Amino acid sequence: MSTAVYTHSECLSHVTPPGHPEQVARLVAVAEALDTPGFAALERRSAPLGEIADILRCHPQGYIDRVRAAIPEEGAGVVSLDADTHVMSGSWNAALRGVGGVCAAVDAVLAGEVGNAFVACRPPGHHAETETAMGFCLFGNIAIGAKRALDHHGLSRVAVVDFDVHHGNGTQDLLWDEARAFFISSHQMPLYPGSGARHETGAHGNVFNLPFPPDTAGPAFRRQYEAEVFPALENFRPELILVSAGFDAHRADPLAQMALVEEDFAWVTGRLCEIAAEFCDGRVVSTLEGGYDLPALGASTAAHVKTLMEHAQ
Ligand SMILES: [Zn+2]
């Protein structure tokens with residue numbers, strides 16, 4: 001089986017203000033990293049526009065309307081939703097591609113069309129709460145994908161693993177009451193957005209937070225995943241594993257102080273694929289979250305996707 005990559009040129013039309021770390025050049029770096037001979041076997045697919053019905057499983061209509069109303073006309077500049085979350089004319093379609101990409105990837109993997117999938121879209125999604133855009137994010141793409149797998153496809157147990165260096169507060173908020181989902185986030189603490197303590201465990205014990213101190217490097221990261229994350233994931237017996245793949249825990253990243261390298265992202269990806277192989281025919285859907293040092297982002301994405309390809313079954 002093959003690995004699919006979902007992306008769309010409209011994700012380049014979300015043009016943040018000069019100097020903003022969540023910039024168009026990130027997706028260019030990702031595309032260039034995957035445009036080498038080693039990735040010739042990737043199945044490249046267009047990320048469709050997301051459906052409002054899918055977003056409504058996580059965000060109320062009033063919030064969707066507020067985001068849409070905030071988007072300025074073409075040429076009308078930038079509107080700030082908070083200190084670091086901005087929208088411009090291209091933002092609506094870009095955000096919908098992220099939703100649609102994850103949902104299409106879930107559909108394709110569950111249909112057995114592809115073994116696993118990576119969604120290369122931006123803006124990211126894991127900080128968007130039920131009624132709050134924040135942290136560069138508008139809609140909770142990965143939680144929306146989880147809800148689609150549960151409600152549309154009828155799965156009973158969907159795991160979401162978030163190794164972005166920031167806590168996935170949005171995904172936690174959107175899945176807090178969802179007993180059929182198990183959300184695992186590892187992240188640096190203290191760091192934006194400030195949530196993600198161990199005592200935040202969800203309404204049904206369905207949230208697991210693993211904070212790491214600054215300067216945590218690969219060996220300690222791997223030890224904690226082996227000791228805590230993988231046993232919890234295996235105990236849950238997932239029918240699908242979704243991944244919030246942020247690469248800002250890389251040692252070169254300017255927004256955080258962890259010290260992972262590409263090989264660590266390949267390792268965690270491989271271990272997640274092994275668990276997926278054991279419990280759910282290898283079904284993994286991963287989506288791009290953070291990662292702000294462009295060379296590290298490109299190299300880490302390449303390592304992640306290469307590992308997905310090696311495990312596609
Ligand atoms: Zn991040």
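The values are calculated or read from the model by the stated rules, or taken from the named source; none is laboratory data. As the structure is a prediction and not an experimental result, all values here were calculated from the model. In this analysis, Cβ positions are derived from the backbone assuming ideal geometry, glycine residues included, and neighbour counts consider all displayed protein chains. We work out accessible area using only protein heavy atoms, side chains counted, and drop any ligands, DNA or RNA first. Shrake-Rupley method; radii C 1.70, N 1.55, O 1.52, S 1.80 Å.
Restricting attention to the stretch 96-115, does a residue exist that is over 30 Å from Ala41 (Cβ atoms), open to solvent by 10 Å² or more (accessible area, probe 1.4 Å), among the acidic types (Asp, Glu) and not in a helix (DSSP H, G or I)? Lay out the reasoning, then the answer.
So the first thing to find is which residues in the stretch 96-115 are over 30 Å from Ala41 (Cβ atoms), and the list is none.
Checking the stretch 96-115: not a single residue is over 30 Å from Ala41 (Cβ atoms), open to solvent by 10 Å² or more (accessible area, probe 1.4 Å), among the acidic types (Asp, Glu) and not in a helix (DSSP H, G or I).
Can you find, within the stretch 244-272, the residue that is nearest to Asn209 (Cα to Cα) among those that are of a type in the set (S, T, N, Q) and within 15 Å of the ligand (Cβ to nearest atom)? Let's see the steps before the verdict.
Residues of the stretch 244-272 that are of a type in the set (S, T, N, Q), as a first pass: 244, 257, 269.
Now narrow it down to the ones that are within 15 Å of the ligand (Cβ to nearest atom): 244, 257.
Values: Ser244: 14, Gln257: 18 Å.
Filtering first and then ranking leaves Ser244.
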Restricting attention to the stretch 149-164, and to residues there that are open to solvent by less than 30 Å² (accessible area, probe 1.4 Å) and in a helix (DSSP H, G or I), which single residue is nearest to the ligand (Cβ to nearest atom)?
-> Ala149
In the stretch 116-147, how many are assigned to a loop (DSSP other than H, G, I, E, B), surrounded by 24 or more Cβ atoms within 10 Å (Cβ to Cβ) and at negative phi?
-> 13
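Count, please, the residues in the stretch 273-310 that happen to be within 16 Å of the ligand (Cβ to nearest atom) and either surrounded by fewer than 24 Cβ atoms within 10 Å (Cβ to Cβ) or closer than 16 Å to Glu263 by Cβ (or both).
Taking the stretch 273-310 first, the residues within 16 Å of the ligand (Cβ to nearest atom) are 286-294, 296-297, 300-301, 304.
Narrowing further to those that are either surrounded by fewer than 24 Cβ atoms within 10 Å (Cβ to Cβ) or closer than 16 Å to Glu263 by Cβ (or both): 291-294, 296-297, 300-301, 304.
Residues flagged as within 16 Å of the ligand (Cβ to nearest atom) and either surrounded by fewer than 24 Cβ atoms within 10 Å (Cβ to Cβ) or closer than 16 Å to Glu263 by Cβ (or both) within the stretch 273-310 amount to 9.
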Confirm whether Ala76 is modelled with pLDDT under 95 and of a type in the set (A, V, I, L, M, F, W, C).
-> yes
Take the stretch 100-149 and flag every residue that is over 23 Å from Thr3 (Cβ atoms) and touching a Lys or Arg at 6+ places or on another chain (Cβ under 6 Å).
-> Lys147
Which listed residue is more than 13 Å from the chain's Cα centre (by Cα) and within 12 Å of the ligand (Cβ to nearest atom), from His187, His127 | His187
Residue count, the stretch 179-205 (criterion: free of Cβ contacts under 8 Å to residues at least 40 places away in the same chain and open to solvent by 10 Å² or more (accessible area, probe 1.4 Å)) | 15
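Looking at the stretch 24-31, is at least one residue part of a loop (DSSP other than H, G, I, E, B) and surrounded by fewer than 16 Cβ atoms within 10 Å (Cβ to Cβ)?
Within the stretch 24-31, the first condition is being part of a loop (DSSP other than H, G, I, E, B), and the residues that meet it are none.
Checked the stretch 24-31: no residue is part of a loop (DSSP other than H, G, I, E, B) and surrounded by fewer than 16 Cβ atoms within 10 Å (Cβ to Cβ).
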Just a yes or no: is a residue in the stretch 218-229 away from the ligand (no atom under 16 Å from the Cβ), open to solvent by 50 Å² or more (accessible area, probe 1.4 Å), within 24 Å of Ala4 (Cα to Cα) and not small (Gly, Ala, Ser)?
-> no
